[in-house]
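**Q** Please read through the structure below; I'll follow up with questions.
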Amino acid sequence: QVQLVQSGGGLVQAGGSLRLSCAASERIVSTNVMGWYRQAPGQQRELVASITDGVNYADSVKGRFTISRDNAKNTVSLQMNSLKPEDTAVYYCHMAGTYSSGRNYPFYSWGQGTQVTVSA
């Protein structure tokens, strides 16, 4: 089992910044999926950014958000700048691939979710 523990988030005024981090409990050997999703009230969960096969962003966050990974620390982060009220949502880290615990094992995991609220 790979547990994903998220940190960061909170309440910020429009135009401000927040940084989200996600740490895996095991050594990650490879990933088929690594990214951040969000779900706003009354809406479907959507992909915000991924860093699996190159780096990709939703059109709504391009130029404002930056996804990064630190393979040595088994973490993925999301730097969010110039935040807007429409960015308000619960943000989720997601990873799938292979981890090492003596031998290699497949995994598919979601973080617990972090609330991001942007006020006008």
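**Q** Just to be sure, is residue 76 at pLDDT 95 or above, surrounded by 15 or more Cβ atoms within 10 Å (Cβ to Cβ) and not polar (S, T, N, Q)? Break it down stepwise before answering.
**A** On the way: at pLDDT 95 or above: yes; surrounded by 15 or more Cβ atoms within 10 Å (Cβ to Cβ): yes; not polar (S, T, N, Q): yes.
Answer is yes for this residue.
**Q** Residues that are in a loop (DSSP other than H, G, I, E, B), touching a residue at least 60 places away in the same chain (Cβ under 8 Å) and surrounded by 14 or more Cβ atoms within 10 Å (Cβ to Cβ): does segment 26-41 have at least one?
**A** Looking for residues that are in a loop (DSSP other than H, G, I, E, B), touching a residue at least 60 places away in the same chain (Cβ under 8 Å) and surrounded by 14 or more Cβ atoms within 10 Å (Cβ to Cβ), one finds at least one in segment 26-41, hence yes.
**Q** Name the one entry in 72, 96 that is closer than 16 Å to residue 47 by Cβ and either among the aliphatic types (A, V, I, L, M) or assigned to a helix (DSSP H, G or I) (or both).
**A** Working: 72 fails: closer than 16 Å to residue 47 by Cβ.
The conditions single out 96.
**Q** Next question. Could you grab me the full set of residues in segment 1-20 that are more than 18 Å from residue 118 (Cα to Cα), of a type in the set (S, T, N, Q) and modelled with pLDDT of 95 or more? Steps first, please.
**A** First, pick out the residues of segment 1-20 that are more than 18 Å from residue 118 (Cα to Cα): 1-6.
Checking the rest, the ones that are also of a type in the set (S, T, N, Q) come to 1, 3, 6.
The answer is 3, 6.
**Q** Under 19 Å from residue 118 (Cα atoms), outside any loop (DSSP other than H, G, I, E, B) and in contact with a strand residue (DSSP E or B) (Cβ under 7 Å, 6 or more places away or on another chain) - does that describe any residue in segment 50-59?
**A** no
**Q** May I ask you to verify whether residue 64 is modelled with pLDDT of 95 or more and either exposed (fewer than 14 other Cβ atoms within 10 Å of the Cβ) or touching a strand residue (DSSP E or B) at 6+ places or on another chain (Cβ under 6 Å) (or both)? Quick ask: steps written out before the conclusion?
**A** Numbers: modelled with pLDDT of 95 or more: yes; either exposed (fewer than 14 other Cβ atoms within 10 Å of the Cβ) or touching a strand residue (DSSP E or B) at 6+ places or on another chain (Cβ under 6 Å) (or both): no.
Judged against the criteria, residue 64 is not a match.
**Q** Within segment 80-92, how many residues turn out to be open to solvent by less than 50 Å² (accessible area, probe 1.4 Å) and either of a type in the set (A, V, I, L, M, F, W, C) or touching a Lys or Arg at 6+ places or on another chain (Cβ under 6 Å) (or both)? Reasoning before the result, please.
**A** Step one: of segment 80-92, the residues open to solvent by less than 50 Å² (accessible area, probe 1.4 Å) are 80, 83, 87-92.
Adding the requirement that they be either of a type in the set (A, V, I, L, M, F, W, C) or touching a Lys or Arg at 6+ places or on another chain (Cβ under 6 Å) (or both) leaves 80, 83, 89-91.
Qualifying residue count, segment 80-92: 5.
**Q** Further, regarding this structure: Would you say residue 11 is aliphatic (A, V, I, L, M), more than 30 Å from residue 104 (Cα to Cα) and open to solvent by 60 Å² or more (accessible area, probe 1.4 Å)?
**A** yes
**Q** Right, next: Residues 100, 82, 60: which one is under 28 Å from residue 1 (Cβ atoms) and out of contact with any Phe, Trp or Tyr (no Cβ under 7 Å at 6 or more places or on another chain)? Spell out the reasoning first.
**A** Values: 82 fails: under 28 Å from residue 1 (Cβ atoms); 60 fails: under 28 Å from residue 1 (Cβ atoms).
One residue alone meets the criteria, 100.
**Q** Mind checking which residues of segment 99-120 are part of a loop (DSSP other than H, G, I, E, B) and open to solvent by 50 Å² or more (accessible area, probe 1.4 Å)?
**A** Quick first cut of segment 99-120, residues part of a loop (DSSP other than H, G, I, E, B) only: 102, 111-113, 120.
Of everything in segment 99-120, those that are part of a loop (DSSP other than H, G, I, E, B) and open to solvent by 50 Å² or more (accessible area, probe 1.4 Å) turn out to be 102, 112, 120.
The values are calculated or read from the model by the stated rules, or taken from the named source; none is laboratory data. This one's a predicted model, so the numbers in the text were calculated from it and none came from an experiment. Glycine also receives a Cβ, built like all others from the backbone with ideal geometry; neighbour counts cover every protein chain displayed. Note: areas computed on protein heavy atoms with side chains; ligands, DNA, RNA excluded. Shrake-Rupley method; radii C 1.70, N 1.55, O 1.52, S 1.80 Å.
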